[in-house]
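Worksheet: one structure, shown below.
The values are calculated or read from the model by the stated rules, or taken from the named source; none is laboratory data. The model shown is predicted, which means the values in this text are computed figures rather than measured ones. All Cβ positions, even for glycine, are placed from backbone atoms using ideal geometry, and neighbour counts span all protein chains on display.
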């Protein structure tokens, strides 16, 4: 079966994102057409998508050049997914967790201040789901992943700052990437799970300082964990 546009894009994007095709490499449409055995139209469309993420740039009489990583759309969810599915996974997990450490404590403080009563109740409920599943050794299940993503989505949504809320997808990609790679333990780190629950409790009672403290604590715990992967 001939490769589709999506399969060509995913393979090429993953190879670039993971460093197999490093910055500065010059590709040609003809070369890619021959390598993937697809039409020029399919190759052009894949290149167009990569250009939209600033991963490559096309110039007449030069070809398609892989750009410096500093130019890439680093928060693009597809790019993050590609890096998490490549040899660059350890570095990407660390980078995403460092981002979370920088922003989630501030978001938690704002959520504790601004959340509606309904949101506070839902945060508390999700934290209890995580604790119940974690204590049952189900931290590596799809059910735990869904609750974890919902917890962090709600934390970022309820803070009332659209710039912080925009980080939901990168955080969700990190959680999914760890899960899909088999890196999420069946028995969650006790300290991290405890801090999730205490952060939710602080948000429920509107304690801004405690919410920030406990979210920072679990982000630091996760950062220490993912750094060992490198």
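A few notes on this one:
- Checked against the criterion of being assigned by TED's automatic domain parsing to the domain that holds residue 85, within 21 Å of residue 136 (Cβ to Cβ) and in a helix (DSSP H, G or I), segment 208-217 contains not a single residue that satisfies it.
- Listed by first and then second residue, the pairs with beta-carbon distance under 9 Å, at least 6 apart or on different chains, first residue in segment 155-175 and on the phi > 0 side of the Ramachandran plot, second buried (at least 19 other Cβ atoms within 10 Å of the Cβ) and part of a loop (DSSP other than H, G, I, E, B), are 160/115.
- Applying the condition of being surrounded by fewer than 19 Cβ atoms within 10 Å (Cβ to Cβ) and closer than 18 Å to residue 100 by Cα to segment 136-159 and asking which residue is nearest to the chain's Cα centre (by Cα) yields 153.
- Residue count, segment 160-202 (criterion: modelled with pLDDT of 95 or more, more than 18 Å from residue 101 (Cβ to Cβ) and outside any helix (DSSP H, G or I)): 1
- Positions within segment 115-139 being in contact with a helix residue (DSSP H, G or I) (Cβ under 7 Å, 6 or more places away or on another chain) and part of a loop (DSSP other than H, G, I, E, B), in sequence order: 115, 138, 139
- Taking segment 57-114 as the range and being surrounded by fewer than 16 Cβ atoms within 10 Å (Cβ to Cβ), in contact (Cβ under 8 Å) with a residue 60 or more places away in the chain and not in a helix (DSSP H, G or I) as the test, the residues that pass are 75, 87.
- The residues in segment 10-20 that are surrounded by fewer than 17 Cβ atoms within 10 Å (Cβ to Cβ) and not in a helix (DSSP H, G or I) can be counted, and the count is 2.
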